[in-house]
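So the structure is just underneath, and the comments pick up after that.
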Amino acid sequence: MYGDYCERVSTLGVKRTENALVASIKDQLIVRFHNGKSVKDYPMSSSKRPPSCKENSLGTPNGLHVVCEKIGEGEPLGMVFKGRKPIGLKYKECSEEEREKNLITTRILRLQGLEDGLNKGEGIDTYGRYVYIHGTNHEENLGSPASSGCLQVSNAEAVELHDEIPLGSHLYIKL
């Protein structure tokens, strides 16, 4: 997987980052690398819909991204976010109707596409589509497509990724 990332940054003429994430939509897995060495695998859920970079597709975008913002420092496990702000309730405290939805919980790693014409630009912009790595209230679905475009991980692993992945680190999403 790291070879796929290296090939993409080389093609784009971008310098590799010390910490990098590679997400495989096919395998429903994020692998964290440090200086080219695999550190940990994280089961994830990408979109229930086919991968897509198009606005309003609700598909998970592919290609090279950067972690441009980290949100949720200090919030408890399970805190629900709306508009990137904590609402003051953990998902277990929300109504049954709310808990049925895919909620954004615990931590958010906001993503910005780095590939003009693929995941950056009008109508295809990952940042403008609000695609994140975040915790989920449906951890039982991890390992299978279940999101509305984001990459969902367990709440504990959302904290870990938030704490271990510096701003400016790459995420390469491969099909």
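Computed over the chain with a Gaussian network model linking Cα atoms closer than 10 Å, the most mobile of I133, I87, I25 is I87. For the range 71-157, the list of trypsin sites (Lys or Arg not before Pro) that fall in a loop by DSSP and count at most 15 other C-beta atoms within 10 angstrom reads R84, K101. Remark: the T11-E140 segment gains 42.7 nm on full extension, using 0.36 nm per residue and subtracting the alpha carbon distance. Under 13 Å from a label point set 7 Å out along the Cα-to-Cβ vector of R49, the amide N atoms of the range 58-93 belong to 58-61.
Note on E69/K101: beta-carbon distance plugged into 1/(1 + (r/R0)^6) with R0 of 30 Å gives a FRET efficiency of 0.85. Other residues lying with their Cβ under 10 Å from the Cβ of S57 contribute a combined charge of +2, Lys and Arg counting +1, Asp and Glu -1. Pairs of lysine residues in the chain that meet both criteria, 8 or more places apart or on different chains and Cα atoms under 14 Å apart, total 9.
Potential lengthening of the chain between E93 and N56 amounts to 10.4 nm, from the contour at 0.36 nm per residue minus the alpha-carbon distance. Against the set (1) 20.2; (2) 15.9; (3) 16.9, the structure's computed Kirkwood radius over Cα pairs in Å falls on (2).
Out of T11, T106, T126, any idea which swings most in a Gaussian network model of the chain, alpha carbons joined below 10 Å? Result for the chain, Cα springs under 10 Å: T11 fluctuates most.
Taking every C-alpha pair closer than 8 Å and separated by at least 6 residues, the mean separation divided by the residue count of the range 42-175 gives a relative contact order of 37 percent.
Coordinate-derived values only; no laboratory data. Bear in mind that the values here come from a model prediction, so they are computed numbers and not experimental data. Neighbour counts are summed over all protein chains in view; Cβ atoms, including those assigned to glycine, are modelled from backbone coordinates with ideal geometry.
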